[in-house]
Amino acid sequence: MVKMAKKNGRVNLLFGSIVFVLGAVPLVYSLYFLDRGPQIQAAGALPPDHPELPQGHPALDHAKELLALEQMSRSDPQNADYKNRIANIYYDMRDYQKAIEAYQQSLSLRPQDPSVETDLATSYHYLGQDDRALEILNKVLGYQPNFPQALFNKGVVLHVGKNDVRGAIAAWEELLRTNPGLPNRAELEQKISELKASER
């Protein structure tokens, strides 16, 4: 569903995958946006070439990256980007609780970062806490009203998490209105049309 571009090249909603996101299996909305890299192994999955790793251990490449980032973060504790990169790794591992903790640490150092807050909201959505996700997305839209990732994700959370079709349509129509160059615009317009038809 819903993860969208960050200053560090990550992206927190699944804009580039909007066609897939708007497909027939709404619960598979990926929440990725534009350039975000491919999904990484879920926490607990064992790399096939490392069967000795205990359950829940991150893949070795992620473990190495996390260790390096945590060391850099300890050396430069005021660097919000390190916390955000740590959060992104946990997000990609689908360890959303740890992602939330790291996103919150990043935001404590650099408040009102719309991309980070949108990723935070997306993590809450994946944990089934849709009201909290919407609260954060509405906060983002309060200080950056036309932020595309937040508008798109809000529509996904409303549609998939809250079964609020009219609310989702309103969010996505606002997204189209305020972002004329939106990627895959035609697919989103088609989805809106389908939802409106289903409401008749």
Exercise. What single numbered condition from (1) surrounded by 14 or more Cβ atoms within 10 Å (Cβ to Cβ); (2) at pLDDT 80 or above; (3) part of a helix (DSSP H, G or I) fails to hold for residue 69?
Worked result: (2)
Problem set entry | Residue count, segment 70-103 (criterion: closer than 25 Å to residue 133 by Cβ and touching a helix residue (DSSP H, G or I) at 6+ places or on another chain (Cβ under 7 Å)) | 17
Problem set entry | Any hit, segment 74-90, residues being among the small types (Gly, Ala, Ser), at pLDDT below 95, part of a helix (DSSP H, G or I) and farther than 29 Å from residue 152 by Cα | yes
For this session: Among what's in segment 72-90 and is in contact with a Ser or Thr (Cβ under 9 Å, 6 or more places away or on another chain) and among the aliphatic types (A, V, I, L, M), pick the residue that is surrounded by the fewest Cβ atoms within 10 Å (Cβ to Cβ).
Result: 80
For this session: Please enumerate the residues belonging to segment 91-100 that are surrounded by 16 or more Cβ atoms within 10 Å (Cβ to Cβ) and assigned to a helix (DSSP H, G or I).
Result: 91, 92, 96, 98, 99, 100
Exercise. Failed condition for residue 151, given (1) farther than 26 Å from residue 199 by Cα; (2) in contact with a helix residue (DSSP H, G or I) (Cβ under 8 Å, 6 or more places away or on another chain), with all others met?
Worked result: (1)
Problem set entry | Yes/no for residue 133 being in contact with a Phe, Trp or Tyr (Cβ under 6 Å, 6 or more places away or on another chain), over 24 Å from residue 178 (Cβ atoms) and not acidic (Asp, Glu) | no
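The values are calculated or read from the model by the stated rules, or taken from the named source; none is laboratory data. From a predicted model like this one, the values you see are computed outputs, not experimental measurements. Quick reminder, even Gly has a Cβ in these numbers, built from the backbone with ideal geometry, and neighbours come from all protein chains shown.
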